[in-house]
Amino acid sequence: MANPQWPAVEKRQHLGKPYDRLDGAIKSTGRAKYAYDVNRPGMLWARCIGSPHAAAKVVDIDGTDALAVPGVEGFWRDEGVIGKEVEYAGQIIAAIAATSEELAAEAMHRVKITYEKMEHQVVDNDISFAKGRPASRDEGDVEIALGEAATISEGHYGIAAITHCCLEAHGQVAEVRDGAMYIWPSTQNVSKYADGLNESVDSPLSDIHVDCQYMGGGFGSKFGHDKWGMIGCILAKQTGKPVKIMLERDLELMVAGNRPSAFGTVKVGLDGEGKIHAFDAQVWGTGGGGGYRPPPMPYAFTKLPNQRVAGSRIPTNRGSQRAWRAPGHPQGCLITMAALADAAAAMGMDELEVFKKNLEYTEHPETYAEELDIAAEMIGYKDKAHLRSALTDGPVKRGLGVSIHQWGGMGHPSECDVTIHPDGSVEAKIGSQDLGTATRTSITIVLAETVGLPMDAVKVKMGKNAYPVSGASGGSTTIGGVSASTRLAATNALNALLEVAAPRLGVAVDALEAAEGTIRETANPSNAMTWTEACGLLGVSPITKRGENVAGESQKMGLIDQGVGGVQIADVSVDVETGVVTINEMVAVQDCGLIVNMKTAESQVYGGLIMGVTYALFEECVYDAATGRMLNPDMEFYRLAGLYDVGNLKVHMMTGPRYDSRGVIGLGEPPVISPGAAISNAVANAIGVRVPELPLTPERVLNALGGTA
Amino acid sequence: MADEKTGPDSPGFSRRGFLKGLGVGSAGAAAAGLMPGGTAQQAAAAEEKSALLGPGETSITLNINGESKKVKVEPRVTLLDALRNRLDVTGAKKVCDRGTCGACTVLVDGQPAYACSMLAVEAEGRALTTIEGLGSPEELHPIQAAFIEHDAQQCGFCTPGFVMACAAFLKENPNPTREEVRRGLGGNLCRCGTYAGITEAVLDAAGVKGGA
Ligand code: FES
Ligand code: FES
């Protein structure tokens with residue numbers, strides 16, 4: 001009888017090995033069809049029309065002239081906004097569909113919209129714009145603790161709002177056929193994409209078929225069908241033709257989500273030994289017009305004895321925030337780690353030493369201690385480190401910066417069906433999605449491992465809402481969820497097969513295992529039959545069994561867990577004459593429990609580092625206070641790092657019984673949390689002063705050097 | 001505005017020159033020759049021809065991966081839109097649509113070019129290679145095999161453009177140093193963060209393991 005626990009390390013055939021992603025060839029040869037690539041016969045192209053004003057009353061939306069253009073076949077307007085107010089520039093209030101993309105782009109300008117302009121507010125870094133009562137937390141006695149501290153340092157820190165900038169814009173193709181709706185979206189949430197659409201398009205959910213095999217990036221911004229998804233379905237229904245609706249790049253950057261900004265002042269008190277005695281912070285920022293959750297602080301050092309944090313919301317006429325890879329964490333991490341490093345420098349101590357001294361206040365002291373030593377070794381910390389007071393010679397200064405981070409990563413609810421066919425083929429069906437995290441490959445590894453077959457002997461079908469419901473891919477919850485549900489489903493199916501095989505092998509079900517393409521007696525492997533022979537015993541009836549991940553139960557079984565720690569160290573050069581920051585090297589040491597696929601796990605960490613370099617050095621949604629508009633909704637001025645910008649990167653994954661025995665834990669978020677903090681600390685170490693806000697543009701660096709930051 | 005009558009020998013600011021300017025994503029990309037070269041005659045022919053076209057649709061023949069394809073386009077239609085929207089050749093991706101990201105990279109007479117920044121009518125008479133013509137899942141081009149081996153792709157949306165740029169780069173620089181790879185592939189952007197894998201893949205495909 002197979003049990004669902006993960007096999008012992010020495011018995012594993014596939015788990016933890018470095019496998020190539022299974023869709024690698026399809027993607028690298030351009031054969032993968034993304035939502036943007038779906039072309040249907042007779043398809044129309046839709047264009048969304050966004051408000052040019054950040055705040056205005058919409059008096060009327062008139063599509064008559066647009067509809068009169070030959071080739072324009074569909075028009076939609078937001079009835080709910082007429083007579084009401086738009087809340088940010090780019091807010092989508094109308095759309096048209098036409099027979100070609102060029103025509104749609106041209107005819108959208110014929111839609112007449114009348115506005116009455118109103119006052120807007122887009123400034124987010126000035127606390128005087130804050131509204132409502134600050135959310136605050138107060139533990140211990142901060143005032144007394146500050147009075148007792150040997151060293152007190154105080155600083156201002158901040159991190160601009162950034163956007164997701166998925167390379168595949170948000171959108172979908174929708175088609176009505178035989179009374180049912182077929183949708184090919186770019187989504188992080190296949191199983192639930194259609195939720196709510198049924199009301200908008202008046203079809204039962206069971207008649208809405210969602211299919212997403214490949215998607216070009218989401219990072220937390222593609223959980224729902226969104227307004228444009230609904231518009232696309234409405235236009236498809238209205239025109240009776242398939243409709244492709246993909247956001248143009250400017251709307252994509254303005255309205256499809258952003259990571260809220262965070263600014264703050266922090267006072268840190270250290271005792272004579274470098275132990276953190278007091279942490280006092282005030283933070284603020286914007287998530288657009290909606291809610292704003294202040295970042296978690298003090299970050300990672302959550303258990304500081306005397307801590308006080310007040311967070312305020314600045315409502316702005318900007319597009320609403322969405323989850324952005326590790327929501328809140330990069331902001332909290334930057335502000336906390338920068339403040340602690342500044343306190344260490346004020347005391348004339350090395351920040352790595354101060355971090356190590358205070359690990360007892362974190363949730364993973366042993367993990368961090370181990371990881372910090374490995375990271376320091378990897379980057380050559382001993383030889384390269386210098387105090388902030390002792391700068392390197394010449395106009396190009398060099399420095400190191402350290403940061404630590406944490407994440408949960410518990411597997412989400414997930415269901416999976418595994419079928420064993422009489423011909424020996426095995427197949428899993430699961431309503432999950434592969435965002436580029438190689439989820440498809442990981443599910444295949446778990447399935448093949450469980451039934452004791454080679455990777456190419458099992459098949460995984462995913463990306464459709466017709467398959468068993470699996471959670472949205474966000475918050476590093478997918479790998480735990482799908483690994484557990486697949487493992488449980490495959491174990492259940494295998495046990496049903498073992499029951500059929502047991503009488504033939506003359507032993508009890510409990511004595512059998514599936515391994516190396518056979519069903520065999522565990523204690524006497526020569527008493528065996530091949531997998532195909534065993535499946536042949538099923539006659540004409542395949543076995544299908546379901547597995548369901550219920551987080552608490554899977555955790556008890558040791559299949560999954562939550563709570564990881566990681567550390568990163570950056571080595572940078574800063575030209576003090578031009579203000580240009582160059583990344584020489586970054587190292588990342590990361591824990592994620594049991595590793596399913598070493599190769600793609602490492603890719604996640606490299607990806608996190610690179611996205612981190614991007615937001616540390618370049619990314620910022622720049623808003624114009626006068627017009628209320630985003631000034632850089634394009635890819636020239638909303639700059640992403642290129643290959644040349646990222647420096648040498650090194651990744652080390654924690655392995656061994658201490659980590660492996662915990663089961664599978666998510667990995668997508670953690671590595672993107674620390675880069676901003678590590679790079680900011682490295683720049684401070686290099687030039688001797690803190691550049692308070694990210695991104696670390698030459699202008700900001702020069703201002704800090706000139707004392708005007 | 002561009003003077004449509006400006007000839008190839010004139011120092012004037014021609015539309016073609018303007019497009020050429022748009023097509024370059026960074027200094028690194030320029031160094032790697034990211035825009036199609038083309039002879040002066042070709043340029044003159046293209047200008048001559050497009051000056052007589054439009055505004056309605058016109059029928060052109062594009063040579064795509066060695067096959068002639070007839071397609072009707074208005075002169076304003078970009079090569080990228082002609083490929084993706086009219087010929088269902090969707091490997092080249094549309095991301096920025098203005099010559100910044102390289103996701104739409106194809107080869108024009110063997111030189112990498114941003115298909116979003118070139119008109120379809122200009123591509124007539126040129127040999128076009130798209131990702132579909134570089135290799136197939138059954139018969140991978142060495143750079144595609146190296147992308148898989150080094151996991152140089154995550155979501156994969158930037159991948160076709162990157163693969164084309166890498167293939168062209170390797171043709172020009174068969175033995176690149178690590179530094180040359182980093183400088184020469186600045187005309188493509190990836191959001192998922194695959195640059196580490198891409199660098200290794202290019203060095204590996206060039207047979208220069210480790211690089212300089
Ligand atoms: S360069 Fe052509 S789509 Fe970005
Ligand atoms: S792999 Fe996703 S954008 Fe490059």
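The values are calculated or read from the model by the stated rules, or taken from the named source; none is laboratory data. Keep in mind that what you see is a predicted model, and the values were worked out from it rather than measured. Cβ sites come from the backbone with ideal geometry, for glycine too, and all protein chains shown count toward neighbours.
Is at least one residue of the stretch A:506-528 assigned to a helix (DSSP H, G or I) and more than 44 Å from the chain's Cα centre (by Cα)? No: the stretch A:506-528 contains no residue that is assigned to a helix (DSSP H, G or I) and more than 44 Å from the chain's Cα centre (by Cα). Look at (1) within 29 Å of A:D561 (Cβ to Cβ); (2) more than 9 Å from chain B (Cβ to nearest Cβ) and you find that A:L649 fails only one, number (2). Does the stretch A:636-646 include one or more residues that are within 13 Å of another protein chain (Cβ to nearest Cβ), more than 16 Å from ligand 1 (Cβ to nearest atom) and over 21 Å from the mean Cα position of the chain (by Cα)? Yes, the stretch A:636-646 has at least one match.
Would it be correct to say that A:S186 is in contact with a strand residue (DSSP E or B) (Cβ under 8 Å, 6 or more places away or on another chain) and modelled with pLDDT under 95? I'd like the intermediate steps shown before the answer.
Values: in contact with a strand residue (DSSP E or B) (Cβ under 8 Å, 6 or more places away or on another chain): yes; modelled with pLDDT under 95: no.
Spelling it out, it is not the case that A:S186 is in contact with a strand residue (DSSP E or B) (Cβ under 8 Å, 6 or more places away or on another chain) and modelled with pLDDT under 95.
For B:K70, the conditions (1) more than 16 Å from ligand 2 (Cβ to nearest atom); (2) in contact with a strand residue (DSSP E or B) (Cβ under 7 Å, 6 or more places away or on another chain); (3) in contact (Cβ under 8 Å) with a residue 24 or more places away in the chain all hold with the exception of (3).
Is the stretch A:200-207 home to any residue that is in contact with a Pro (Cβ under 9 Å, 6 or more places away or on another chain), surrounded by fewer than 24 Cβ atoms within 10 Å (Cβ to Cβ) and of a type in the set (D, E, K, R)?
If we filter the stretch A:200-207 for residues that are in contact with a Pro (Cβ under 9 Å, 6 or more places away or on another chain), which is where we start, we get none.
Among the residues of the stretch A:200-207, not one is in contact with a Pro (Cβ under 9 Å, 6 or more places away or on another chain), surrounded by fewer than 24 Cβ atoms within 10 Å (Cβ to Cβ) and of a type in the set (D, E, K, R), which makes the answer no.
Evaluate the stretch A:33-52: report whether one residue or more is surrounded by fewer than 16 Cβ atoms within 10 Å (Cβ to Cβ), more than 31 Å from the chain's Cα centre (by Cα) and either away from every other protein chain (no Cβ under 14 Å) or outside any helix (DSSP H, G or I) (or both). So far as the stretch A:33-52 goes, yes, one or more of its residues are surrounded by fewer than 16 Cβ atoms within 10 Å (Cβ to Cβ), more than 31 Å from the chain's Cα centre (by Cα) and either away from every other protein chain (no Cβ under 14 Å) or outside any helix (DSSP H, G or I) (or both). Within the stretch A:575-611, if we keep just the residues that are at the interface with another protein chain (Cβ under 8 Å from one of its Cβ atoms) and surrounded by fewer than 23 Cβ atoms within 10 Å (Cβ to Cβ), the residue that is nearest to A:Y368 (Cα to Cα) turns out to be A:E602. Hey, any hits in the stretch A:4-22 for a residue that's within 14 Å of chain B (Cβ to nearest Cβ), buried (at least 19 other Cβ atoms within 10 Å of the Cβ), within 32 Å of the chain's Cα centre (by Cα) and of a type in the set (A, V, I, L, M)? Looking through the stretch A:4-22, at least one residue is within 14 Å of chain B (Cβ to nearest Cβ), buried (at least 19 other Cβ atoms within 10 Å of the Cβ), within 32 Å of the chain's Cα centre (by Cα) and of a type in the set (A, V, I, L, M).
Considering only the stretch A:80-91, I want to know if a residue exists there that is touching a Ser or Thr at 6+ places or on another chain (Cβ under 9 Å), assigned to a loop (DSSP other than H, G, I, E, B) and charged (D, E, K, R). Checked the stretch A:80-91: at least one residue is touching a Ser or Thr at 6+ places or on another chain (Cβ under 9 Å), assigned to a loop (DSSP other than H, G, I, E, B) and charged (D, E, K, R). Considering only residues that are crowded, with 21+ Cβ neighbours inside 10 Å and under 22 Å from B:N173 (Cα atoms), which ones fall in the stretch B:101-128? Across the stretch B:101-128, the qualifying residues are B:C101, B:G102, B:A103, B:C104, B:T105, B:V106, B:L107, B:V108, B:P112, B:A113, B:Y114, B:L128.
Taking residues in the stretch B:184-199 that are within 13 Å of B:G161 (Cβ to Cβ) and in a loop (DSSP other than H, G, I, E, B), and partners anywhere that are within 8 Å of ligand 2 (Cβ to nearest atom) and among the polar types (S, T, N, Q), the pairs with Cβ atoms closer than 6 Å and at least 6 places apart or on different chains are B:T194/B:Q153; B:T194/B:Q154.
Listed by position, the helices (runs of 4 or more DSSP H) inside the stretch A:652-709 whose residues that are more than 24 Å from A:M557 (Cβ to Cβ) and more than 28 Å from the chain's Cα centre (by Cα) number at least 3 are A:675-687, A:698-705.
Is it the case that A:D250 is among the acidic types (D, E) and in contact with a helix residue (DSSP H, G or I) (Cβ under 8 Å, 6 or more places away or on another chain)? The answer is no for A:D250. Taking (1) within 16 Å of ligand 2 (Cβ to nearest atom); (2) aliphatic (A, V, I, L, M); (3) more than 13 Å from the chain's Cα centre (by Cα) in turn, B:A145 satisfies each apart from (1). When residues in the stretch A:418-437 are screened for being within 16 Å of ligand 2 (Cβ to nearest atom) and among the acidic types (D, E), 1 of them pass.
No other residue among B:G156, B:G99, B:G135 is free of Cβ contacts under 8 Å to residues at least 12 places away in the same chain and within 16 Å of ligand 1 (Cβ to nearest atom) apart from B:G156.
So that you can scan it fast, the table gives a plain yes or no per residue for (1) within 7 Å of chain A (Cβ to nearest Cβ); (2) hydroxyl-bearing (S, T, Y); (3) touching a strand residue (DSSP E or B) at 6+ places or on another chain (Cβ under 8 Å):
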residue: B:G133; (1), (2), (3): no, no, yes
residue: B:S136; (1), (2), (3): yes, yes, no
residue: B:A146; (1), (2), (3): no, no, no
residue: B:C158; (1), (2), (3): yes, no, no
residue: B:M164; (1), (2), (3): no, no, yes
residue: B:L185; (1), (2), (3): yes, no, no
residue: B:I198; (1), (2), (3): yes, no, no
residue: B:G207; (1), (2), (3): no, no, no
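In the stretch A:549-564, how many residues are modelled with pLDDT of 95 or more and buried (at least 17 other Cβ atoms within 10 Å of the Cβ)?
Kept after step one, since they are modelled with pLDDT of 95 or more, are these residues of the stretch A:549-564: A:549-550, A:553-564.
Subsequent filtering for residues that are buried (at least 17 other Cβ atoms within 10 Å of the Cβ) retains A:549, A:554-555, A:559-562, A:564.
Of the residues in that region, 8 qualify.
Filtering the stretch A:199-233 to residues that are of a type in the set (F, W, Y) and under 18 Å from the mean Cα position of the chain (by Cα) leaves A:Y214, A:F219, A:F223.
Under the condition of being within 14 Å of ligand 1 (Cβ to nearest atom) and more than 14 Å from chain A (Cβ to nearest Cβ), which residue from the stretch B:102-122 is nearest to B:P75 (Cα to Cα)? Across the stretch B:102-122, the extreme among qualifying residues is B:M118. A:V567: crowded, with 17+ Cβ neighbours inside 10 Å, in contact with a Lys or Arg (Cβ under 9 Å, 6 or more places away or on another chain) and among the hydrophobic types (A, V, I, L, M, F, W, C), yes or no? Considered against the rule, which asks whether it is crowded, with 17+ Cβ neighbours inside 10 Å, in contact with a Lys or Arg (Cβ under 9 Å, 6 or more places away or on another chain) and among the hydrophobic types (A, V, I, L, M, F, W, C), A:V567 comes out as no.
Which residue, of B:A196, B:A152, B:A127, is away from ligand 2 (no atom under 16 Å from the Cβ), at pLDDT 95 or above and among the aliphatic types (A, V, I, L, M)? Lay out the reasoning, then the answer.
On the way: B:A196 fails: away from ligand 2 (no atom under 16 Å from the Cβ); B:A152 fails: away from ligand 2 (no atom under 16 Å from the Cβ).
The conditions single out B:A127.
Screening B:G186, B:G161 for residues that are surrounded by fewer than 24 Cβ atoms within 10 Å (Cβ to Cβ), within 16 Å of ligand 1 (Cβ to nearest atom) and of a type outside the set (K, R) leaves exactly one candidate, B:G186. For the stretch A:655-686, which residues satisfy the criterion of being crowded, with 23+ Cβ neighbours inside 10 Å and among the β-branched types (V, I, T)? Within the stretch A:655-686, A:V664, A:I665, A:V672, A:I673, A:I679, A:V683 qualify. The set of residues in the stretch A:208-225 being away from ligand 1 (no atom under 16 Å from the Cβ) and surrounded by 24 or more Cβ atoms within 10 Å (Cβ to Cβ) consists of A:V210, A:C212, A:Y214, A:M215, A:G218, A:F219, A:S221, A:K222, A:H225.
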